[in-house]
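The values are calculated or read from the model by the stated rules, or taken from the named source; none is laboratory data. Remember, it's a predicted structure, so these values are computed and weren't measured experimentally. Here the Cβ positions follow ideal geometry from the backbone for every residue, glycine too, while neighbour counts run over all protein chains shown. Side chains are part of the model used for accessible areas, which takes the heavy atoms of the whole protein and leaves out ligands, DNA and RNA. Shrake-Rupley method; radii C 1.70, N 1.55, O 1.52, S 1.80 Å.
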Amino acid sequence: MFQRLLFLLPLLLIQYFFYFQISSALKEGQTCIVNKNCDTGLHCETCLASSNLRPRCSRTQPINPISKVKGLPFNKYSWLTTHNSFARLGEVSRTGSVILAPTNQQDSITSQLNNGVRGFMLDMYDFENDVWLCHSFGGTCYNVTAFRPAIDVLREIQVFLEKNSEEVVTIIIEDYVKSPKGLTKVFDAAGLRKFMFPVTRMPKNGGDWPTLDDMVRQNQRLLVFTSDRSKEATEEIAYQFKYTVENQYGNGGLKAGVCPNRGESSPMNDKSKSLVLVNHFPDAPDLVVACKQNSASLLESIKTCYQAAGQRWPNYIAVDFYKRSDGGGAPQAVDVANGNLICGCDNFAACKADGSCG
């Protein structure tokens, strides 16, 4: 009997320790069972692509840079950005059709905003006499590639901006809208016009942007960029590649050690454009592999692109399935960029409110 107790005692102690551990908020990297075991800003997941079978708490949120420093030019901050932000896993088209298009994210726009995403890549098309968000091809939207009317997502952003008066959001439109004033109408209908940062205030020659706190004071807290050059003249919506440099998207942007510009963009080292966007996602989105792609290789990618962009850290870091990682993930990459941009630290967690590192 005594020998049996000696055998069972270590097992009971291990079991007690394990249950005690998961009853409190777990930190990044600790073993978990469900999301609620993990501390704020973390969730519980396994990264099979990295041969990691143990479910661990991993990050879903970067540190919000405005929590410490608000007075720098907008181009001195980095923001977590979602590629095809609207293309949600498991979504059913508002047309009632099954969606056959690939999906790139796991949660709603509102959830993304609450998790610190501040850049949204949206593909907009003319469809059913309206502007829709579609993940399509050939410049045409179909029932099986149509997700929802654009106004639905724009209203989610409008609600967030109304409730959070110090936050700044960027929308980057892959623009297939040909209807006259189509973008103007949908942004006006969503109540976003009053928040839009005017094109006339955007630096044209590589100068600094207005400071973040100035943008907040003037309530010009929504940056909107379009891929259609003509819209800057016809609708006063900024042509993206006039203000940003951007690396190659898809598989071409995942190659280690290089950071080529995408075809529409100026070379990455063109400093007449003040903003730098780094893409890090494959041609075909992959939920399973995303946790590996959003980890060590993402950190290497932003460092490579820092050199390619003339020693400029990215202002936007765009990924698929931003919540997936093998630890710190895309939120950590944003913290690294903000640490270097704002105070010269390798992580924003070490930045002080006065902009020093320590």
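Residues that are touching a Cys at 6+ places or on another chain (Cβ under 9 Å), among the hydroxyl-bearing types (Ser, Thr, Tyr), in a strand (DSSP E or B) and open to solvent by 30 Å² or more (accessible area, probe 1.4 Å) occur in the stretch 133-146; there is at least one.
The test for being out of contact with any His (no Cβ under 9 Å at 6 or more places or on another chain), without any contact (Cβ under 8 Å) to a residue 60 or more places away in the chain and under 22 Å from ALA87 (Cβ atoms) does not hold for PHE195. Cβ-Cβ distances below 7 Å connect no pair with a first residue in the stretch 109-131 that is in contact (Cβ under 8 Å) with a residue 60 or more places away in the chain, a second residue that is among the aromatic types (Phe, Trp, Tyr) and assigned to a helix (DSSP H, G or I), and a separation of six or more residues or different chains.
Considering LEU192, LEU277, the condition of being more than 24 Å from CYS141 (Cβ to Cβ) and assigned by the TED database to the domain that holds ALA318 is satisfied by LEU277 alone. Taking the criterion of being more than 29 Å from ARG221 (Cβ to Cβ) and not small (Gly, Ala, Ser), the residues of the stretch 107-140 that qualify are GLU128, ASN129, PHE137, THR140.
Select from the stretch 285-305 the residues that are under 15 Å from SER58 (Cα atoms) and not aliphatic (A, V, I, L, M) and write down the one among them that is most open to solvent (accessible area, probe 1.4 Å). Looking at the filtered set, the residue picked out is LYS292.
Is it the case that LYS68 is modelled with pLDDT under 95, of a type in the set (D, E, K, R) and either more than 30 Å from ILE171 (Cβ to Cβ) or open to solvent by less than 90 Å² (accessible area, probe 1.4 Å) (or both)? Spelling it out, LYS68 is indeed modelled with pLDDT under 95, of a type in the set (D, E, K, R) and either more than 30 Å from ILE171 (Cβ to Cβ) or open to solvent by less than 90 Å² (accessible area, probe 1.4 Å) (or both). Just one of the listed residues (GLY339, GLY355, GLY310) is of a type in the set (Gly, Ala, Ser) and open to solvent by less than 10 Å² (accessible area, probe 1.4 Å), namely GLY339. Candidates are the residues of the stretch 215-235 that are of a type in the set (Ser, Thr, Tyr) and assigned to a loop (DSSP other than H, G, I, E, B); the one that is surrounded by the most Cβ atoms within 10 Å (Cβ to Cβ) is SER227. If you go through the stretch 28-47 and pick out every residue that is more than 24 Å from THR81 (Cα to Cα) and surrounded by fewer than 17 Cβ atoms within 10 Å (Cβ to Cβ), you end up with 4. Scanning the stretch 236-272 for residues that are of a type in the set (Phe, Trp, Tyr) and not in a loop (DSSP other than H, G, I, E, B) yields TYR239, PHE241. What about TYR316, is it open to solvent by less than 40 Å² (accessible area, probe 1.4 Å) and either among the hydrophobic types (A, V, I, L, M, F, W, C) or assigned by the TED database to the domain that holds ARG118 (or both)? Yes: the conditions hold for TYR316. Of the residues making up the stretch 261-284, not a single one is surrounded by fewer than 20 Cβ atoms within 10 Å (Cβ to Cβ) and of a type in the set (Val, Ile, Thr). Within the set GLU91, GLU128, the sole residue that is farther than 24 Å from VAL245 by Cα, at pLDDT below 95 and either open to solvent by less than 60 Å² (accessible area, probe 1.4 Å) or of a type in the set (Asp, Glu) (or both) turns out to be GLU91.
In contact (Cβ under 8 Å) with a residue 60 or more places away in the chain and either more than 17 Å from the chain's Cα centre (by Cα) or outside the structural domain of CYS345 (by the TED database) (or both): which single residue out of ALA256, ALA308 fits that description?
It is ALA308.
Is it the case that ARG193 is open to solvent by 10 Å² or more (accessible area, probe 1.4 Å), in contact with a Leu (Cβ under 7 Å, 6 or more places away or on another chain) and either under 24 Å from TRP132 (Cα atoms) or not basic (Lys, Arg) (or both)? So ARG193 fails the test.
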